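Novice: Sending over a structure as structure tokens; questions will come in a sec.
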Amino acid sequence: MKYALVTGGSRGIGKAICLQLAEAGYPIIINYVSNKDAALKTKQMIEEKGGTAELLPFDVADGKAVDDAIMSWSEAHPDDYIALLINNAGIRMDTMMVFMQNEQWNDVINTNLNGFFYITRRLLKDMLTKRFGRIINIVSLSGIKGLPGQTNYSAAKAAIIGATKALAQEVGARKVTVNAVAPGFITTDMTKDLDEADLKSLIPMGRFGKPEEVAALVGFLASEEAAYITGEVISINGGLYT
Ligand code: NAP
């Protein structure tokens with residue numbers, strides 16, 4: 001069986017992606033770091049719609065925890081493999097660089113960028129051997145345009161965009177596609193401290209995006225129909241930046 005693993009699948013955009021891919025028929029592996037209640041809620045919603053899901057908690061920023069989790073999953077699933085990987089787990093810790101502490105730089109790089117590396121390298125081998133895989137990295141407008149107050153986050157997301165393009169060329173011959181999705185402002189816990197009323201005046205569509213809208217794009221990139229799209233960064237930002 002081909003499984004879909006969504007990092008940070010307990011809440012926000014990741015949760016919507018879990019539901020979207022479950023609807024496409026994939027059994028879902030919901031990763032999270034600490035919020036078990038939210039992860040269980042996502043699992044329940046998938047099951048209520050007739051899908052299947054399991055929880056796989058680990059900190060994407062901890063290379064050993066990633067290795068251990070994937071090893072124990074593989075031992076429990078000898079006939080299955082993870083064909084779809086959605087690198088969605090992410091954090092932001094905004095401050096102007098002049099005030100930025102080592103911890104704020106390192107935590108954001110470790111979770112967003114190193115997390116992508118630790119998990120992706122572990123799952124590549126099966127995708128290459130089975131000659132099918134989809135890797136979709138959730139990046140950000142911040143990694144394309146750069147946003148003040150987010151040098152750490154912009155750097156991490158821009159680095160993932162570079163890695164997406166490089167990896168796509170490494171694995172294309174084995175029918176593994178690697179793409180990035182770059183949202184603008186999406187209504188989730190991550191953006192709840194932002195002044196939506198103020199910011200939406202900057203957005204041509206006049207509103208924040210919904211997690212389900214990002215999930216629909218991810219669902220397309222994960223599908224058979226998207227087999228010839230690879231190494232791309234697709235923006236979804238209501239026209240905020242093109
Ligand atoms: P969110 O609502 O804050 O949810 C974050 C998710 O990531 C949660 O499931 C959380 O798990 C998980 N997570 C955080 N750190 C983790 C770690 N070290 N290991 C494993 N899981 C971890 O965020 P969101 O808005 O849905 O964002 C999802 C992705 O989209 C992120 O990569 C973000 O950078 C990107 N993005 C968001 C926006 C936006 O406007 N919202 C815009 C552009 C890009 P717990 O529930 O256990 O904490």
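Novice: Kindly indicate the residue of the stretch 156-167 that is away from the ligand (no atom under 13 Å from the Cβ) and free of Cβ contacts under 8 Å to residues at least 24 places away in the same chain and also nearest to Gly115 (Cα to Cα) among those meeting that condition.
Specialist: Gly162
Novice: Sticking with this structure for a sec: Just name the residue that is surrounded by the fewest Cβ atoms within 10 Å (Cβ to Cβ) out of those in the stretch 190-242 that are within 11 Å of the ligand (Cβ to nearest atom) and under 15 Å from Ile17 (Cβ atoms).
Specialist: Lys210
Novice: Right, here's the next one. Listed residues Lys15, Lys36, Lys41; which is out of contact with any Asp or Glu (no Cβ under 9 Å at 6 or more places or on another chain), over 18 Å from Ile138 (Cα atoms) and within 9 Å of the ligand (Cβ to nearest atom)?
Specialist: Working: Lys15 fails: over 18 Å from Ile138 (Cα atoms); Lys41 fails: within 9 Å of the ligand (Cβ to nearest atom).
Selected residue: Lys36, the only one of Lys15, Lys36, Lys41 that is out of contact with any Asp or Glu (no Cβ under 9 Å at 6 or more places or on another chain), over 18 Å from Ile138 (Cα atoms) and within 9 Å of the ligand (Cβ to nearest atom).
Novice: If you don't mind, there's one more thing I want to ask. Provide a single number: the residues in the stretch 45-59 that are assigned to a loop (DSSP other than H, G, I, E, B), of a type in the set (A, V, I, L, M, F, W, C) and more than 7 Å from the ligand (Cβ to nearest atom).
Specialist: Restricting attention to the stretch 45-59, the residues satisfying the condition of being assigned to a loop (DSSP other than H, G, I, E, B) are 49-52, 56-59.
Cutting the leftovers down to of a type in the set (A, V, I, L, M, F, W, C) gives us 56, 58.
Going one step further and asking which of them are more than 7 Å from the ligand (Cβ to nearest atom), we end up with 56.
Selection size over the stretch 45-59: 1.
Novice: Additional query: Please determine, by comparing only the residues of the stretch 27-44 that are in a loop (DSSP other than H, G, I, E, B) and surrounded by fewer than 24 Cβ atoms within 10 Å (Cβ to Cβ), which one is nearest to the chain's Cα centre (by Cα).
Specialist: From the stretch 27-44, those in a loop (DSSP other than H, G, I, E, B) are 27, 31-35; that's our starting set.
The next check asks that each one be surrounded by fewer than 24 Cβ atoms within 10 Å (Cβ to Cβ); those that pass are 27, 33-35.
Numbers: Pro27: 17, Val33: 14, Ser34: 17, Asn35: 17 Å.
Checked the stretch 27-44; the qualifying residue nearest to the chain's Cα centre (by Cα) is Val33.
Novice: Out of Ala65, Ala22, Ala83, Ala69, which single residue is in a helix (DSSP H, G or I), touching a strand residue (DSSP E or B) at 6+ places or on another chain (Cβ under 7 Å) and modelled with pLDDT of 95 or more? Outline the logic, then answer.
Specialist: On the way: Ala65 fails: touching a strand residue (DSSP E or B) at 6+ places or on another chain (Cβ under 7 Å); Ala83 fails: in a helix (DSSP H, G or I); Ala69 fails: touching a strand residue (DSSP E or B) at 6+ places or on another chain (Cβ under 7 Å).
Of Ala65, Ala22, Ala83, Ala69, the one residue that is in a helix (DSSP H, G or I), touching a strand residue (DSSP E or B) at 6+ places or on another chain (Cβ under 7 Å) and modelled with pLDDT of 95 or more is Ala22.
Novice: Tyr3: part of a strand (DSSP E or B), modelled with pLDDT of 95 or more and away from the ligand (no atom under 15 Å from the Cβ), yes or no? Quick ask: steps written out before the conclusion?
Specialist: Working: part of a strand (DSSP E or B): yes; modelled with pLDDT of 95 or more: yes; away from the ligand (no atom under 15 Å from the Cβ): yes.
When the stated conditions are applied, Tyr3 passes them.
Novice: Answer yes if at least one residue in the stretch 168-179 is touching a helix residue (DSSP H, G or I) at 6+ places or on another chain (Cβ under 9 Å), modelled with pLDDT of 95 or more, closer than 24 Å to Asp107 by Cβ and more than 7 Å from the ligand (Cβ to nearest atom), and no otherwise.
Specialist: No - not one qualifying residue is present in the stretch 168-179.
Novice: Residue under question is Asp62, and the condition is that it be closer than 20 Å to Asp189 by Cα and either within 13 Å of the ligand (Cβ to nearest atom) or among the polar types (S, T, N, Q) (or both); does it hold? Give the steps one after another, and end with the answer.
Specialist: Numbers: closer than 20 Å to Asp189 by Cα: no; either within 13 Å of the ligand (Cβ to nearest atom) or among the polar types (S, T, N, Q) (or both): yes.
Spelling it out, it is not the case that Asp62 is closer than 20 Å to Asp189 by Cα and either within 13 Å of the ligand (Cβ to nearest atom) or among the polar types (S, T, N, Q) (or both).
Novice: Scan the stretch 67-83 residue by residue and report those that are under 16 Å from Gly133 (Cβ atoms) and small (Gly, Ala, Ser).
Specialist: The answer is Ser74, Ala83.
Novice: Within the stretch 93-119, restricting attention to residues that are more than 14 Å from the ligand (Cβ to nearest atom) and surrounded by 17 or more Cβ atoms within 10 Å (Cβ to Cβ), which residue is nearest to Asn179 (Cα to Cα)?
Specialist: Top of the filtered list is Trp105.
Novice: If you take the residues in the stretch 1-43 that are touching a residue at least 60 places away in the same chain (Cβ under 8 Å) and of a type in the set (Gly, Ala, Ser), which one is farthest from Ile135 (Cα to Cα)?
Specialist: Across the stretch 1-43, the extreme among qualifying residues is Gly12.
Novice: Name the pairs whose Cβ atoms lie under 6 Å apart, with the first residue in the stretch 44-70 and touching a residue at least 60 places away in the same chain (Cβ under 8 Å), the second more than 12 Å from the ligand (Cβ to nearest atom) and assigned to a helix (DSSP H, G or I), and 6 or more positions between them or separate chains?
Specialist: Listed by first residue and then by second, the contacts come to nothing, as the list is empty.
Novice: Continuing with this model, one more query. List pairs: first in the stretch 130-153 and free of Cβ contacts under 8 Å to residues at least 40 places away in the same chain and of a type in the set (A, V, I, L, M, F, W, C), second crowded, with 17+ Cβ neighbours inside 10 Å and assigned to a helix (DSSP H, G or I), Cβ under 9 Å, 6+ apart or cross-chain?
Specialist: Leu147/Leu141; Leu147/Tyr153; Leu147/Ser154
The values are calculated or read from the model by the stated rules, or taken from the named source; none is laboratory data. Fair warning: this is a prediction, and the values are worked out from it, not measured in the lab. Every residue, glycine as well, gets a Cβ built from its backbone with ideal geometry; the counts of neighbours run over all protein chains shown.
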